[in-house]
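Undergrad: Can you keep this structure in mind? I'll have questions shortly.
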Amino acid sequence: MVKIYNELLIITETGTNLFSSVTSGAKQDGVEMISGFLSALNTFAKSERGESMKELTLEQTTFIFGKRGGLIYIITTTNPNAKPLLKPFLNHLIDVFEARYSGEVKNFIGDVAPFESFEELLSIERFDHAIETIDGLDEGFEENEILNSLTAISRSSGELLFTRAKQYINKTDLGFLVPLLVRASELIASQLADQRLAWILAVTNKDKAMLVQPREHVFLVEEYKLPFELPELGLKVRKVKDKFPNASIHPEIKYLKIIGSSGKILDEITRDEKYVASVGVDATMLVTAGANLVSKYYKNELRAVAVGDNDKATLLVPFKDFIVLVRGPQSFFKKFTNILKFIQSLVG
């Protein structure tokens, strides 16, 4: 399996290896020899050309270099799509290492044990850049019949840092529209004291869906082609509560609220007090952002948008003059087929 990166090395200018880490499944051989060789190459480039090594490409492997404070940081990859993501990833690693170990580096006399704890910080940065998730989805990408594309977007610039796709991707629209959707989702999540924003799901009236996972440094975007289309949304507001006569009907729905287009609360059903939410106007803003993305990017209509974390989820279904907001366990609402069944129960 081709990983986003294979190995990370942090060495001194003289070739002493301070820290090395290999991703799961990758092979690590001769760290000290490699460290010495790369240090020598950097010294040669500096002395002969007056330049530092930035990148070295072999037949299959690319070495990406960073240099700061007398140390050389090197990350290796055999994935041709990974370089745009790995360069900012390496820069953030350098920032974290320098902030944590500047004292140890300044007083270094040969003991590398203090740097072993960097593995924990590296794990955090891998999560913040969605490295693990991309590796997992990238592995079975071609065999996944409904996953159409996988993209990592820079939080700071909107630049697409990684793309794997079976379809055309409008990079400009995606880089502009996804951050808008995330900002609207963050607003509604800020009103939900019991729920963090870990993912956003937008489902169209056709067969398209987009899952966005906001991380510290990137937005991870997964686009899906669904084996079904969602039905038209035709229902009067007074009929909504009739669809939920008792707790045996859709028991996964713990709380339901009907919100007018102006943000006014029209009605609600509470089955579990732990799921009650005071969301109003922010719900209309999220629906607007979701509808804007779906209209401009897919040329479709929005059928549902959901936000959630590892525990709870909030689903919004926009009708003509009102929004139905429901809350329940995230394990239910993160599944496309469950959202379809719920919408069918509303309009059927």
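The values are calculated or read from the model by the stated rules, or taken from the named source; none is laboratory data. Quick caveat, the model's predicted, so the values are computed rather than measured. In this analysis, Cβ positions are derived from the backbone assuming ideal geometry, glycine residues included, and neighbour counts consider all displayed protein chains.
Undergrad: Check region 164-182 and report whether any residue there is more than 16 Å from A130 (Cα to Cα), over 15 Å from the mean Cα position of the chain (by Cα) and assigned to a strand (DSSP E or B).
TA: Yes: region 164-182 contains one or more residues that are more than 16 Å from A130 (Cα to Cα), over 15 Å from the mean Cα position of the chain (by Cα) and assigned to a strand (DSSP E or B).
Undergrad: Continuing with the same structure: Examine region 117-136 for a residue that is in contact (Cβ under 8 Å) with a residue 12 or more places away in the chain, acidic (D, E), touching a strand residue (DSSP E or B) at 6+ places or on another chain (Cβ under 7 Å) and more than 18 Å from L211 (Cβ to Cβ), and state whether such a residue exists.
TA: yes
Undergrad: Of all the residues that make up region 240-274, how many are among the β-branched types (V, I, T), touching a strand residue (DSSP E or B) at 6+ places or on another chain (Cβ under 6 Å) and not in a strand (DSSP E or B)?
TA: Total satisfying the criteria: 2.
Undergrad: Taking the stated definitions as given, is G280 small (G, A, S), under 13 Å from P318 (Cβ atoms) and either surrounded by 18 or more Cβ atoms within 10 Å (Cβ to Cβ) or in the same structural domain as G308 (by TED's automatic domain parsing) (or both)?
TA: For G280, the condition - small (G, A, S), under 13 Å from P318 (Cβ atoms) and either surrounded by 18 or more Cβ atoms within 10 Å (Cβ to Cβ) or in the same structural domain as G308 (by TED's automatic domain parsing) (or both) - is not met.
Undergrad: Something else about it: Checking N300 against (1) surrounded by fewer than 16 Cβ atoms within 10 Å (Cβ to Cβ); (2) in contact with a Ser or Thr (Cβ under 6 Å, 6 or more places away or on another chain); (3) of a type outside the set (A, V, I, L, M): exactly one of these is not met. Which one?
TA: Just one mismatch for N300, condition (1).
Undergrad: Just to be sure I understand, how many residues within region 292-348 are part of a helix (DSSP H, G or I), at pLDDT 90 or above, closer than 25 Å to L266 by Cβ and of a type in the set (A, V, I, L, M, F, W, C)?
TA: Total satisfying the criteria: 1.
Undergrad: Show the residue pairs that are 6+ apart or on different chains and have beta-carbon atoms under 7 Å apart, the first residue being within region 62-89 and buried (at least 20 other Cβ atoms within 10 Å of the Cβ), the second being polar (S, T, N, Q) and not in a strand (DSSP E or B).
TA: Final answer for the pair search is I72/S39; I72/N42; T76/N6; T76/T61; T77/N6.
Undergrad: What pairs can you find where one residue is in region 224-237 and within 13 Å of A304 (Cβ to Cβ), the other is in a loop (DSSP other than H, G, I, E, B), and their Cβ atoms are less than 6 Å apart, with a gap of 6+ or different chains?
TA: Hits for this filter: L226/D207; E229/K206; E229/D207; L230/N205; L233/F319.
Undergrad: For region 24-34, state whether one or more residues are at pLDDT 85 or above and either within 33 Å of the chain's Cα centre (by Cα) or under 24 Å from S123 (Cα atoms) (or both).
TA: no
Undergrad: On to the next question. Exactly one condition in (1) assigned to a helix (DSSP H, G or I); (2) buried (at least 19 other Cβ atoms within 10 Å of the Cβ); (3) touching a Lys or Arg at 6+ places or on another chain (Cβ under 6 Å) is false for I94; which is it?
TA: Here I94 clears every test but (2).
Undergrad: To continue, here is another question. Quick one: which of A152, A189 is of a type in the set (G, A, S) and within 21 Å of L86 (Cα to Cα)?
TA: A152
Undergrad: Does N107 qualify as being within 17 Å of Y5 (Cα to Cα), without any contact (Cβ under 8 Å) to a residue 60 or more places away in the chain, exposed (fewer than 15 other Cβ atoms within 10 Å of the Cβ) and not assigned by TED's automatic domain parsing to the domain that holds K296?
TA: no
Undergrad: Limited to region 96-110, what total is found for residues that are within 28 Å of the chain's Cα centre (by Cα) and either among the charged types (D, E, K, R) or over 16 Å from G66 (Cα atoms) (or both)?
TA: 2
Undergrad: Additional query: Determine which member of the set V240, V218, V203 is touching a residue at least 40 places away in the same chain (Cβ under 8 Å) and more than 20 Å from A289 (Cα to Cα).
TA: Exactly one residue qualifies, and that residue is V240.
Undergrad: Quick check, is S102 touching a residue at least 24 places away in the same chain (Cβ under 8 Å), exposed (fewer than 12 other Cβ atoms within 10 Å of the Cβ) and in the same structural domain as H217 (by TED's automatic domain parsing)?
TA: no
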